[in-house]
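Note sheet for the following structure.
The values are calculated or read from the model by the stated rules, or taken from the named source; none is laboratory data. Quick caveat: nothing in here was measured; it's all calculated off a predicted structure. With ideal geometry, Cβ positions are generated from the backbone for all residues, glycine too; neighbour counts draw on all protein chains shown. When the accessible area is computed, the model is the full protein with side chains, heavy atoms only, and any ligands, DNA or RNA have been set aside. Shrake-Rupley method; radii C 1.70, N 1.55, O 1.52, S 1.80 Å.
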Amino acid sequence: MTAVIDVRNVIKRYGVGDAAIFALNDVSLSIEQGEYVAIMGPSGSGKSTLMNIMGALDNVTAGEYFLDGIDVSSLGENELSIVRGRKIGFIFQSFNLVPRTSALANVELPLAYQGIKLKERRMRALKALDLVGLSDRVNHEPTELSGGQQQRAAVARALVTRPALLLADEPTGALDSKSTEDLLDLFDQINEAGRTVVVITHENDVAARAKRIIRMRDGKIIEDVLNAKKIA
Amino acid sequence: MNIFEIIRFAIRGLIANGLRSALTTLGILIGVGSVIVLTAVGNGSSKAISSSIEKLGTNTITVQRGGGGFGPSARNRQGATKPLTVADTIALVDPVMAPHIKQAAPVANASGVTCTNGAESSSPSTFSGTWPAYFEASNTPVHIGTYFTNDDVTEGRRVAVIGKTTATELFGTDSPISKVVQCGGIPFTVVGVADTKGSNGFQDGDSLLIAPVTAVQRTLTGYQSLSSIIVQAKSAAVQDLAQNEIQAILDPRHLVKSDATRDYRLLNQASLLQTTTDTNQVFTVLLAAVAAISLLVGGIGITNIMLVTVVERTREIGIRKAIGAPRSAILGQFLIEATILSLLGGVLGVIAGFVGSHFTIVGVKPVIVPSSVFLAFGVSVLIGLFFGGYPASRAASLRPIEALRHE
């Protein structure tokens, strides 16, 4: 089985000389296809930096990063946008839907950037919205949706491109407990369908749903364990 | 990602920021509209002046005393010049020597003459003694009453045709026909009122009194010299031939040996027309320059708005990039947004220009210059591309991670 994510000795440094801060200090990590991983740690532990690098949003200071077998650090701006569009589905804490644009159009957006024809695009977007249970809200704009609904629309948008990796950064941070529960059920369902899911969180009950839990502190991985309850 | 897709995104972006888009469009609209209207006003006023000069008759030639040049040499010759006389005028009307001259009339102008009718007074800006031929040659038809006749000239009768302004000043709304006015103490009987000529921009063409040359010379100007001789060519086409004939007749009479020593000069309406057209050209260019500046300001408005838009939508740009938008798509979207704004402003500006040109502006009926329409429209589109380019490239080169952090 190929590793979806293969991070090798990655260093991410901000600033130079005495003022230099190592957000990531020699981190190595491999995530296989179909895994459900939670990355935990207090703020400033480097988990968001790791997520940005895994999502091809930021570059490394040193080390190598392979995403689905592709050496991301060697890519130019245009290839990076293709990788982001096809390999990764992002879910953010603040939903990050495009404002004043319907849920359907939001979900269609990544497909549009891939140059997929309107008809197929619409079909796939409606299917993805159906999967997250938003069939009856397709023409609503973000402001007309609840937080839970917005996040589900964001999940639909992340899934619609059939990415190798679903990358969620504090996905439940802005949700109430009911919506959190619904969203985590959705993640379980997505992972059961064979999709790799990586969730960054500092909430224990969110991490408890993952099959593998990685803990970070001061730019290093301090613990990497399988979640006994889930595996069993 | 095809171009229509990007255009759709751009249009959606514009509609989402409706008021701002409308205001930017307004800036371009005013720029384009004012270029069209102001050049049309310039063009219209130049057309109006041309046509009022044409009303004087383009086939008339005025013979004036004095050399053709300016400066001290021209002034020195003045002393030695022979006066223009009625005899000169008679000589010009010669079907054998001058087959292309239709008619000629002497003009003796009296200046500063005040005419009174009881308590009312008026100082005609033109007070001329002439022949009946003058009316046709100078395109001055009589509106009410009659012309004076050759008989009146021969007899030196004190009769006069007056202009509208003079008539109103002296008689109000009453008919001036057969009434007597005192001009410089001399009584003249009004026989006719001339048609309205309008203003030529320098003086009121209707402040006018025309009387037989004999009467004017005897009572007011004396017999030394005529002010000018007005000559009418058979048509505008033979004007040059007529001018040669005038010189052939007058040169021996005035003992002229070469062009340099000629003591009279010929003015025709065509050259006057040329001068005014040139003056107007400057006027039009000036107006167009003012309008072009407003178009430029509109363009800077587009840059400003697009920059604000980029800053305000930084997060949205970050989202788009995170879900796979290539640089070209972002660049294209913002560039097309700017171009649509200026294109829309351009189209509406052209419409506004056409509508605005239907109204009379400060007494001038605007006449649209077709090239100004294409120029203003083309420039407005280029402005969109040019001034939208910088904000668009800024948007496209934003790094997604920084853009996403932006609140």
Of (1) surrounded by fewer than 22 Cβ atoms within 10 Å (Cβ to Cβ); (2) in contact with a helix residue (DSSP H, G or I) (Cβ under 6 Å, 6 or more places away or on another chain); (3) charged (D, E, K, R), A:Glu79 satisfies every one except (2)
Out of region A:162-183, which residues are of a type in the set (A, V, I, L, M, F, W, C) and either in contact (Cβ under 8 Å) with a residue 40 or more places away in the chain or surrounded by fewer than 20 Cβ atoms within 10 Å (Cβ to Cβ) (or both)? A:Ala164, A:Leu165, A:Leu166, A:Leu167, A:Ala168, A:Ala174
Can you tell me which condition A:Leu134 does not meet? The list is (1) open to solvent by 20 Å² or more (accessible area, probe 1.4 Å); (2) of a type outside the set (Ser, Thr, Tyr); (3) away from chain B (no Cβ under 13 Å), and all the others hold. (1)
Step by step: first the residues of region B:353-365, then only those that are in contact (Cβ under 8 Å) with a residue 24 or more places away in the chain and in a loop (DSSP other than H, G, I, E, B), then the one that is surrounded by the fewest Cβ atoms within 10 Å (Cβ to Cβ). Which residue is that? B:Val362
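Condition check ((1) modelled with pLDDT under 90; (2) of a type outside the set (D, E, K, R); (3) in contact with a strand residue (DSSP E or B) (Cβ under 9 Å, 6 or more places away or on another chain)) across all residues:
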position	(1), (2), (3)
A:Thr61	no, yes, yes
A:Ser73	yes, yes, yes
A:Gly76	yes, yes, no
A:Gln93	yes, yes, yes
So in region A:84-94, with the set limited to residues that are in a strand (DSSP E or B) and either at the interface with another protein chain (Cβ under 10 Å from one of its Cβ atoms) or over 13 Å from the mean Cα position of the chain (by Cα) (or both), which one is surrounded by the most Cβ atoms within 10 Å (Cβ to Cβ)? A:Gly89
Against the definition (under 22 Å from B:Ile317 (Cα atoms) and either open to solvent by 30 Å² or more (accessible area, probe 1.4 Å) or among the charged types (D, E, K, R) (or both)), how does A:Glu35 come out, yes or no? no
I'm told B:Pro366 meets every condition in (1) under 30 Å from B:Val41 (Cβ atoms); (2) within 11 Å of another protein chain (Cβ to nearest Cβ) except one. Can you identify the failing condition by its number? (2)
Inspect all residues belonging to region B:297-314 and state whether any of them is within 14 Å of chain A (Cβ to nearest Cβ), in contact with a helix residue (DSSP H, G or I) (Cβ under 6 Å, 6 or more places away or on another chain) and surrounded by 18 or more Cβ atoms within 10 Å (Cβ to Cβ). yes
Can you tell me how many residues in region B:1-25 are away from chain A (no Cβ under 14 Å) and buried (at least 16 other Cβ atoms within 10 Å of the Cβ)? 2
Subset of region B:325-341 [open to solvent by 10 Å² or more (accessible area, probe 1.4 Å) and either touching a Leu at 6+ places or on another chain (Cβ under 8 Å) or within 14 Å of chain A (Cβ to nearest Cβ) (or both)]: B:Pro326, B:Arg327, B:Ser328, B:Leu331, B:Gly332, B:Leu335, B:Thr339, B:Ile340
Given (1) within 9 Å of chain B (Cβ to nearest Cβ); (2) under 21 Å from the mean Cα position of the chain (by Cα); (3) open to solvent by 50 Å² or more (accessible area, probe 1.4 Å); (4) not aliphatic (A, V, I, L, M), index of the condition A:Ser73 fails: (1)
Would region B:250-265 turn up any residue that is open to solvent by less than 20 Å² (accessible area, probe 1.4 Å), touching a strand residue (DSSP E or B) at 6+ places or on another chain (Cβ under 7 Å) and assigned to a helix (DSSP H, G or I)? yes
Return the pairs, sorted by first residue and then second, in which the second residue is buried (at least 16 other Cβ atoms within 10 Å of the Cβ) and charged (D, E, K, R), the first residue lies in region B:306-318 and is in contact (Cβ under 8 Å) with a residue 12 or more places away in the chain, the beta carbons are less than 6 Å apart, and the residues are 6+ apart or on different chains. B:Val310/B:Arg394
Just one of (1) within 12 Å of chain B (Cβ to nearest Cβ); (2) crowded, with 17+ Cβ neighbours inside 10 Å; (3) small (Gly, Ala, Ser); (4) not in a strand (DSSP E or B) trips up A:Gly115, so point out which. (2)
Pick out the one residue from B:Ile368, B:Ile383 that is among the β-branched types (Val, Ile, Thr), buried (at least 17 other Cβ atoms within 10 Å of the Cβ) and outside any helix (DSSP H, G or I). B:Ile368
Here, strands (runs of 3 or more DSSP E) confined to region B:117-230 with at least 2 residues that are surrounded by fewer than 19 Cβ atoms within 10 Å (Cβ to Cβ) are B:120-122, B:142-145, B:180-183, B:186-194
All conditions in (1) modelled with pLDDT under 90; (2) open to solvent by 40 Å² or more (accessible area, probe 1.4 Å) are true of B:Pro391 except (2)
Out of A:Leu57, A:Leu29, A:Leu97, A:Leu109, I need the residue that is open to solvent by less than 60 Å² (accessible area, probe 1.4 Å), more than 10 Å from chain B (Cβ to nearest Cβ) and either of a type outside the set (Phe, Trp, Tyr) or in a helix (DSSP H, G or I) (or both). Which one? A:Leu29
Filtering region A:207-232 down to residues that are in a loop (DSSP other than H, G, I, E, B) and more than 21 Å from A:Asn191 (Cβ to Cβ) yields A:Asp218, A:Gly219
